[in-house]
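The next block holds one structure in the form of structure tokens; read it before the comments.
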């Protein structure tokens with residue numbers, strides 16, 4: 001076993017952890033073909049195409065994780081001798097950190113997260129399985145003398161599954177490398193700092209303090225209560241990296257291009273099947289792309305064409321995006337599909353004015369395309385889940401903290417700052433196109449989907465309830481209006497009403513804006529009329545006497561007229577079903593209205609998208625226009641010499657009050 005007394009040591013200078021001690025046992029694993037293979041796999045995959053500094057590899061990350069894993073377990077042994085942590089435990093935990101990413105394929109998570117599921121859908125393969133396979137291969141090739149029980153423990157530590165152990169092991173050891181309990185482990189400690197440093201936005205975590213703070217209580221690693229904010233910072237930073245860097249739209253577009261290229265090459269190169277053979281898997285690295293590019297096989301021409309587009313930066317084009325509430329993710333997954341966007345795009349094209357269709361056809365004709373060339377395969381719909389590490393759950397609910405008073409429990413309520421997220425997971429929905437010429441029409445089709453769900457299904461529109469409200473804002477005796485215009489009486493008081501009521505809808509409190517504010521509660525009802533139509537909101541002012549609010553999602557009808565001449569006000573309130581229903585559109589089952597509108601990603605005819613018939617107005621000075629304007633403005637100038645009119649971009653010069661001196665003669 002390797003201990004602190006080893007004399008044959010070497011060190012690696014690491015940009016994150018400085019000097020890392022490499023023991024002889026670690027050297028046996030590092031100096032091998034399976035581990036050296038990690039030098040040719042980018043840690044951040046295609047993110048390197050966006051941030052040029054993100055060129056670090058899985059090789060140095062694994063060494064960093066091994067370093068932190070050893071520090072954690074040795075600190076626990078020093079602080080708590082009663083845990084009986086042995087040299088074997090330290091070695092196995094260190095080797096688990098060292099070998100935990102041996103199974104990563106080319107471009108890291110692109111391989112096991114996108115390519116393998118698309119090519120081998122029947123395979124439930126993960127990179128952890130690959131790590132176990134390559135670990136066995138490494139030990140066999142290097143003829144490393146290590147007990148079978150230790151190998152089983154290392155594999156179990158890599159996957160975070162104690163059930164794979166052959167012996168009864170210490171449960172807290174599984175919280176160090178791959179923590180399945182709460183996701184708080186040394187793997188994150190390393191990649192958060194390493195990735196942010198390489199990107200150029202360095203993040204410094206209090207790793208030494210957290211390791212010093214760690215204690216084993218009830219067979220689980222806990223942290224001191226005063227370090228709770230530092231624990232939360234790790235989760236927050238993880239989310240920040242995924243949101244701002246790992247899921248960048250350009251990196252994602254390149255991921256899709258690489259996967260498409262590999263899928264085209266798969267029938268001839270049998271790439272995916274190599275995951276079962278360690279000798280073939282050994283050569284699966286990022287070098288796979290240049291291998292395909294330099295091939296002379298004519299069957300690989302389509303794949304080479306896609307990779308050439310990456311080289312020439314002719315990437316798949318981003319079309320539109322939307323942040324989706326976690327509880328609405330299934331609705332959007334069912335409604336927003338490639339085929340549905342295609343159908344809506346064709347409908348949107350048919351509804352264009354003739355001159356608009358002609359302009360669009362002309363721009364496509366220049367690229368050798370027609371609308372018939374647009375297929376569902378040219379559209380990509382991506383829904384990425386972003387969270388704090390435990391999906392929709394607050395990760396701190398799974399971490400225990402101890403205090404000097406001797407208590408140890410999970411943080412709750414006022415135990416830490418209330419300035420924290422209300423939700424801990426969301427979905428980023430994005431649409432891409434493989435043919436940039438169709439960007440505008442695809443966006444139009446994508447934004448038409450809410451109409452297809454609501455307006456094309458009027459029989460499935462949400463029910464409305466007519467509620468009469470007196471001057472003081474209290475409901476009075478009224479009726480429920482059903483689809484057949486029959487009337488159902490309901491209770492006349494707010495406290496005993498059986499009909500669920502929503503507050504009056506104003507421009508301050510739309511159905512998507514959450515609970516009404518104090519301003520909403522004090523504002524006089526009867527001053528606004530709101531008509532909501534799928535993905536746009538318009539507010540108009542009408543007399544108090546004629547107040548009527550239509551807030552049903554997807555409603556396109558005008559505001560209903562006043563039914564009485566007195567001062568009684570009438571509200572059409574959503575959410576109160578007047579009669580039993582058998583079905584509802586998916587959007588009506590959502591906690592918020594279904595919409596695809598994003599004002600900041602709208603494709604303007606004169607900006608952004610290539611192949612547009614309309615070109616941006618040039619700011620270059622037109623001399624013919626200038627001369628014409630000089631003549632028309634001659635009568636308004638202060639002298640016989642014409643003054644050039646002001647053009648866009650010209651600086652305004654104040655006229656001098658002093659007349660220019662005449663040159664002396666002689």
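Only the coordinates and a few stated rules stand behind these numbers; no lab work does. These numbers come from a predicted model, not from an experiment. Cβ placement follows ideal geometry from the backbone for every residue including glycine, while neighbour counts extend to all protein chains displayed.
In terms of other Cβ atoms within 10 Å, 596, 311, 418 run from fewest to most in the order 418, 311, 596. When the Cα convex hull of the range 174-293 is projected onto planes of every orientation, the mean area is 10.4 nm². Computed from the C-alpha gyration tensor, the three semi-axes of the ellipsoid equivalent to the range 10-255 are 27, 23, 17 Å, from longest to shortest. Calculated over the range 1-126, the projected area of the Cα convex hull averaged across directions stands at 9.8 nm².
Taking other C-beta atoms within 10 angstrom as a stand-in for reagent exposure, 388, 223, 268 fall in the order 268, 223, 388, fewest first. Our estimate of slack between residue 27 and residue 78, defined as 0.36 nm per intervening residue step minus the Cα-Cα distance, is 15.9 nm.
Stretching the chain fully between residue 18 and residue 420 yields a gain of 141.3 nm (0.36 nm per residue, less the alpha carbon separation).
Each residue, residue 305 and residue 347, gets one label point 7 Å from its Cα in the Cβ direction; the gap between the two is 3.2 nm.
Modelled this way, with points 7 Å down the Cα-to-C-beta line, the labels at residue 356 and residue 244 are 3.9 nm from one another. The residue 126 and residue 598 beta-carbon pair, evaluated with R₀ = 35 Å, returns a calculated FRET efficiency of approximately 0.55. Label positions at residue 206 and residue 280, each projected 7 Å from the Cα along the C-beta direction, are separated by 5.1 nm. Each residue in 67, 127, 104 was given a count of other beta-carbon atoms within 10 angstrom of its own, and listing them fewest first yields 127, 67, 104. One decimal place: the segment residue 218-residue 268 gains 12.5 nm when fully extended, by the rule 0.36 nm per residue minus the C-alpha distance.
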